[in-house]
Amino acid sequence: MPDAAARARASSSSSSTLLTITAVVIGLAGLGLGAAGAWLAVLGGSWYYLAAGLGLLLSAALLPRGGGAGLWAFALVVAFTLVWALWEVGFDWWPLAARGDVFFVIGVFLLTPWVARALLRRNPAGVAPARGFLGVVLLAFFLAAVVSWTRDPTRVEGTAPAPAAAVAAAAAGAAAGPPPPKDDWTAYGGNGMGQRYSALDQITPANVGQLQEAWHFRTGDVRGQSGDPEETTFEVTPLKIGDRLFLCTPHQSVVALNATTGEQLWRYTPELRRPLALQHLTCRGLSYDPGSAVRPAVASAATPSTPAAAGECDAKLFMPTADGRVVALNPESGKPCMRFGGGSGQIDLWKNMPNVRPGSYYSTSPVVVTRSLIVVGGTVLDNVSTKETSGVIRAFDIDTGALVWNWDSGNPEDTAPIAPDRSYTANSPNSWSIASVDEALGLVYVPTGNQPPDQWGGKRSEGAERYSSSVVALDLATGRVRWSFQAVRHDLWDYDVPSQPSLVDLRIGSDTVPALVQPTKQGELFVLDRRDGKPVVKVHERPAPQDAAAGDHASLTQPVSELSFDPPALTPADMWGGTVFDQLACRIAFHRLRYEGRYTPPSTEGSLIYPGNFGVFNWGGVAVDPVRQMAFTTPASLAFVSRLIPRKDDSSLYVQGKDRPNDSLPALNENFGAPFAVQLSAFTSVFGLPCQAPPWGHVAGADLRTGRVLWKHKNGTVRDSSPLPLPFAMGVPSLGGPVMTAGGVAFLSGTLDYFVRAYDVANGKELWRSRLPAGGQATPMTYRGSDGRQYVVVAAGGHGSLGTRTGDDVIAYALPKR
């Protein structure tokens with residue numbers, strides 16, 4: 001009997017301790033919610049959190065007394081939370097979960113036998129009905145969750161035009177452009193039109209599930225070398241010409257592979273000049289000149305081409321380097337073409353440049369190749385200083401490398417080759433992305449960036465105001481502007497036009513319109529007549545927020561396309577987190593930032609920029625099907641914070657903090673010479689999760705003739721972005737574009753989880769996926785091998801600033817051999 005009494009006392013003591021600990025936990029939760037909720041209420045936000053916090057404190061005070069009062073108080077908080085959550089976000093699972101997960105877990109624990117025994121020992125009155133009511137409320141929460149699992153408020157269901165009808169319409173339109181690639185892939189976007197579309201149809205929705213790895217090549221080139229910037233990335237889209245595949249690596253090696261087996265044939269690695277003040281280290285791709293033997297007979301009026309001398313390479317690969325050169329290589333051997341560049345096999349892009357600092361100017365994107373010219377742009381350091389080099393666009397003779405014309409936005413009318421003793425305009429808008437060309441119209445289409453600094457424009461030049469963040473059509477013969485279309489006026493948000501324009505001939509009524517499709521960071525798909533830049537899909541002027549920082553101004557209006565993936569403006573209800581606590585913290589942060597919708601100017605108090613400069617679309621662009629007259633797109637939506645920091649001098653580091661640059665790496669965002677430095681960051685919670693509710697990434701189909709979104713589905717999981725490898729299909733951003741095929745299948749590898757996926761272009765359904773060894777932040781491509789099979793090739797090397805796993809993998813997939 002004494003032992004039984006002792007056990008009873010011990011059990012009672014344990015139950016009492018458990019009840020006390022439970023009450024303390026609930027009390028701390030209530031204290032945190034109540035205090036932070038009061039702060040939010042003072043800021044003008046929701047009063048829910050204050051009320052819920054007080055309710056939890058009441059429950060915590062009543063629970064140690066026993067009986068059902070503490071349970072009743074907690075159950076009422078849960079019921080209040082459910083009603084409030086459904087009113088605010090409806091049956092949308094992830095926002096609903098953030099509001100109720102903590103309450104649900106605590107509630108389930110309160111229903112356990114251990115807590116029930118403790119309450120009954122203290123005071124048995126009312127425990128059973130209180131437990132019953134709490135159980136009913138938790139069941140209601142669970143049922144709401146089950147309903148929300150079947151719904152996606154962002155999803156758009158629909159179907160693209162049927163191939164047969166689309167083929168008939170295309171035939172009636174008699175498309176004027178060059179045929180889409182089939183056996184080969186001769187330019188970054190498939191051909192100079194940048195469609196990222198192949199006429200191959202061997203892989204279809206019916207058989208794509210049978211795709212298997214055909215070969216796997218490792219380049220041996222990964223980031224982590226001395227002097228590498230954070231954005232050391234493997235973003236290449238290979239070329240396929242004949243039986244060979246050509247690619248470049250982050251550290252500038254050029255590699256030739258057997259396209260059918262993946263066997264290395266040759267490798268060329270240029271000797272880079274060091275040190276380099278690099279912001280990015282990548283190579284998105286090479287460019288190919290088939291040579292005079294297969295060029296059309298009529299060359300550009302600017303400078304007629306002549307066959308290369310005996311013993312010299314005729315066909316050429318062009319490789320832009322990180323130290324500001326373009327190297328011409330023989331595709332057969334990988335050796336430099338010595339006639340190019342006057343006997344050196346290369347041209348120096350630093351000629352006539354102001355503010356020379358090695359590494360602060362270079363081309364990360366492939367050059368444009370025409371019958372007789374290569375057209376070259378380059379990247380200029382963002383947000384380092386107001387004394388950067390020039391963003392000039394130059395055309396060089398395709399055989400000799402001699403300068404033919406130069407378009408300088410600071411001196412746009414004078415395109416004749418610059419005199420040896422002159423310099424181009426400093427700090428002018430650049431073109432770091434990929435251009436497109438229509439040789440039939442004699443135009444090259446150049447997407448432009450902004451004049452640094454990106455977030456303050458009080459002293460921008462006339463040329464910068466006119467041509468920054470635009471697509472500019474330059475005459476191939478002279479380099480003069482034929483037309484330009486500005487996607488953002490007086491850009492204060494780093495909304496560079498980031499991707500290659502896609503050229504496609506659209507059937508509009510009874511007419512065939514040569515069109516240009518330009519994706520933007522803010523989510524527009526501007527569909528323009530590429531002859532004159534006039535909109536094919538309507539563009540409207542939208543009033544924009546005002547009151548820019550001291551010494552600056554904001555444009556009164558901004559252009560918006562009727563075909564837009566601009567995400568809806570954020571509201572307090574859109575704030576999110578893993579729990580109610582970080583969700584509340586995000587709401588407080590939202591109310592403390594300046595936010596008036598898209599185009600909110602940067603400010604010293606901090607402005608919420610949505611979409612952020614990561615972009616709805618970035619350099620991966622879109623894929624365009626010229627038969628179906630549609631685009632396959634990958635819109636993302638992430639908010640960023642932009643905070644201007646007043647500068648007191650032109651040398652102090654204001655925003656680098658502990659991440660001060662080593663060696664020659666640039667002091668990014670310091671804006672030396674400007675009145676403000678800038679702090680830029682993703683809008684995330686204390687746990688590193690985006691403060692806005694998912695999904696953050698989609699795939700979507702769009703009708704380019706009508707401007708209608710055909711279908712839209714969230715895409716990708718957080719398997720490789722969360723502390724635990726949980727494959728929640730929340731929809732994640734992509735960096736790297738899609739490719740479409742005549743077989744009705746699209747491929748994409750750029751999501752933040754490590755997969756290459758295939759989709760049915762008719763409805764967006766995911767058909768197949770394969771695990772990648774690293775982040776696939778590159779655009780896939782496709783071709784026919786010598787064995788007759790259609791191959792799909794993906795580069796998987798990761799991305800520094802996205803934190804995806806580093807790799808050096810090039811993987812080819814094909815259907816099984818018959």
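The values are calculated or read from the model by the stated rules, or taken from the named source; none is laboratory data. Values in this document were obtained by computation on a predicted structure and should not be read as measured data. In this analysis, Cβ positions are derived from the backbone assuming ideal geometry, glycine residues included, and neighbour counts consider all displayed protein chains. Ligands, DNA and RNA are excluded from the accessible area calculation, which covers all protein heavy atoms including side chains. Shrake-Rupley method; radii C 1.70, N 1.55, O 1.52, S 1.80 Å.
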What number in nm² do you get for the range 320-457 if you take the convex hull of its Cα atoms and divide its surface by four?
-> 8.7 nm²
Can you pull the percent of Cα pairs in the range 567-699 with separation above 21 Å?
-> 53 percent
Quote the FRET efficiency, to the nearest 0.05, computed for A199 versus E596 with a Förster distance R0 of 41 Å and r equal to the Cβ-Cβ distance.
-> 0.30
Given the peptides 721-733, 516-528, arrange them by the average over their residues of other C-beta atoms within 10 Å, most packed first.
-> 516-528, 721-733
Solvent-free Debye scattering, log10 I(q)/I(0), computed from the Cα coordinates of the range 442-590 at q = 0.12, 0.16, 0.20 Å⁻¹ = -0.61, -0.94, -1.23
Specify the angular offset, from 0 to 90 degrees and rounded to the nearest 10, of the alpha carbon long axis of helix 93-110 from the longest principal axis of the alpha carbons in the chain.
-> 30 degrees
Values of log10 I(q)/I(0), in the order q = 0.18, 0.19, 0.20, 0.22 Å⁻¹, for the range 431-527 under a Debye, Cα-only, solvent-free model = -0.82, -0.89, -0.97, -1.11
Going through K240/K765; K538/K712; K182/K316; K182/K534 one by one, the pairs whose alpha carbons sit over 25 Å apart turn out to be K240/K765; K182/K534
Accessible area (Å², per residue) of the chain, counting only protein heavy atoms and a probe of 1.4 Å = 36 Å²
For the Cα atoms of the chain, what angle does the longest principal axis make with the long axis of helix 48-62, in degrees from 0 to 90, nearest 10?
-> 30 degrees
For helix 163-173, what angle does its Cα long axis make with the longest principal axis of the chain, in degrees from 0 to 90 and rounded to 10?
-> 40 degrees
Structure-based [θ]222 nm, the chain - -39500 (n - 2.57) summed over DSSP H runs of at least 4, per residue, nearest 500 | -6500 deg cm²/dmol
Rounded, prolate or oblate: pick one for the range 712-811, where a ≥ b ≥ c are the square roots of the eigenvalues of its C-alpha gyration tensor, a/c under 1.5 means rounded, and failing that, prolate if a/b is larger than b/c, else oblate.
-> oblate
The range 334-373 - convex hull of alpha carbons, volume per residue in Å³ = 127 Å³
Of A118, P727, Y813, which is farthest on the positive side of the dipole of the chain, counting Cα position, with +1 on Lys and Arg Cβ, -1 on Asp and Glu Cβ, and the Cα centre as origin?
-> A118
Evaluate the Kirkwood expression for the hydrodynamic radius of the range 402-483, namely the inverse of the mean inverse distance over all pairs of different C-alpha atoms, and round to one decimal in Å.
-> 13.4 Å
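Where Rh is the Kirkwood radius over the Cα pairs of the range 484-536, the temperature 37 °C and the viscosity 0.692 mPa s, what D in µm²/s does Stokes-Einstein return?
Calculated translational D: 277 µm²/s.
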Could you tell me, in Å, what Rg and Dmax come out for the Cα atoms of the range 197-285?
-> 16.2, 52
Percent accessible area from carbon and sulfur atoms, the chain, protein chains only, probe 1.4 Å | 57 percent
How many nm is it between the label spots at V42 and N207, if each spot is 7 Å from the Cα in line with the beta carbon?
-> 6.9 nm
Hydrodynamic calc, the chain: Kirkwood Rh from Cα pairs, then Stokes-Einstein at 20 °C with viscosity 1.002 mPa s, so D in µm² s⁻¹ is 75 µm²/s
In nm, spacing of pseudo-spin labels at R155 and A569 (7 Å Cα→C-beta vector) | 2.9 nm
From the cross-link list K521/K714; K335/K817; K387/K459, the entries with a Cα-Cα span beyond 24 Å are K335/K817
Please give the length that would be gained between L76 and S651 if that part of the chain were fully extended, namely 0.36 nm times their separation in residues minus their C-alpha to C-alpha distance (nm, one decimal).
-> 201.2 nm
Order by accessible surface, 1.4 Å probe, largest leading, for residues W47, W114, W93, W215 comes to W47, W114, W93, W215
Gain in length, R531 to V147, computed as 0.36 nm per residue apart minus the alpha-carbon separation, to one decimal in nm?
-> 133.1 nm
With Rg from the Cα atoms and Rh as the Kirkwood inverse mean 1/r over Cα pairs, the range 566-606 has an Rg/Rh of 1.00
For the range 513-607, restrict the atom set to alpha-carbon positions and state the Rg and Dmax in Å.
-> 17.4, 55
